[in-house]
Amino acid sequence: MSGEVRVVLYCRAPEEGPGPLEAAFHRINEELAGVPGLLRSELLRSRLDGEDGSFAVLSYWKDADSFRDWEQGPAHRAQTSPLRPYQDRGSGRHYGIYEVLAAQ
């Protein structure tokens, strides 16, 4: 067991297309550069039929404590606010936190 965690944030592109969501992702990554424990993040687009506007942000963290420290810190809300309008809250949870149990 590595202790690493992955955080998934489910998003939906606005009516005008994915451009604003992509711009928000890049803005946030500039803000998060150097956050202790954050290894990297990716913007993913669903390729399933009927999910054209579905996206996910996948972030890789050294461990759950690093993520929790950042999430509970004073900068978290301001740093992530550009993506807040695109969170997909229509299908239940809009995020998930997963511990890596195995990898190849």
- Note on the structure: The simple spin-label model distance between ALA23 and GLU51, using points 7 Å out along Cα→Cβ, in nm, is 2.7
- Query: Against the longest alpha carbon principal axis of the chain, how many degrees, from 0 to 90 and to the nearest 10, is the axis of helix 19-32 turned?
  - Reply: 20
- Kirkwood Rh, Cα Rg: Rg to Rh for region 13-60? 1.04
- Item | Spatial extent of the chain: Rg and Dmax, with the Cα atoms as the point set, Å | 13.9, 42
- Once the dipole of the chain is set up with Lys and Arg at +1 and Asp and Glu at -1 on Cβ about the Cα centre, which of ILE97, TYR86, ALA13 lies farthest towards its positive end? ILE97
- Taking the Cα centre of the chain as origin, work out the dipole magnitude from +1 charges on Lys and Arg Cβ and -1 charges on Asp and Glu Cβ, in debye rounded to 20. 140
- Task: Along Cα→Cβ, 7 Å out, is where each label goes; now give me the distance between the ones at ALA33 and ILE97 in nm to one decimal.
- Result: 2.7
- How big is the gap, in Å, between the Cα center of region 1-22 and the Cα center of region 66-84? 14
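Just so you know, all these numbers are worked out from the coordinates, no wet-lab data involved. Please read these numbers as outputs of a predicted model, since none were measured by experiment. Note: ideal-geometry Cβ built from the backbone for every residue, glycine included; neighbour counts use all protein chains shown.
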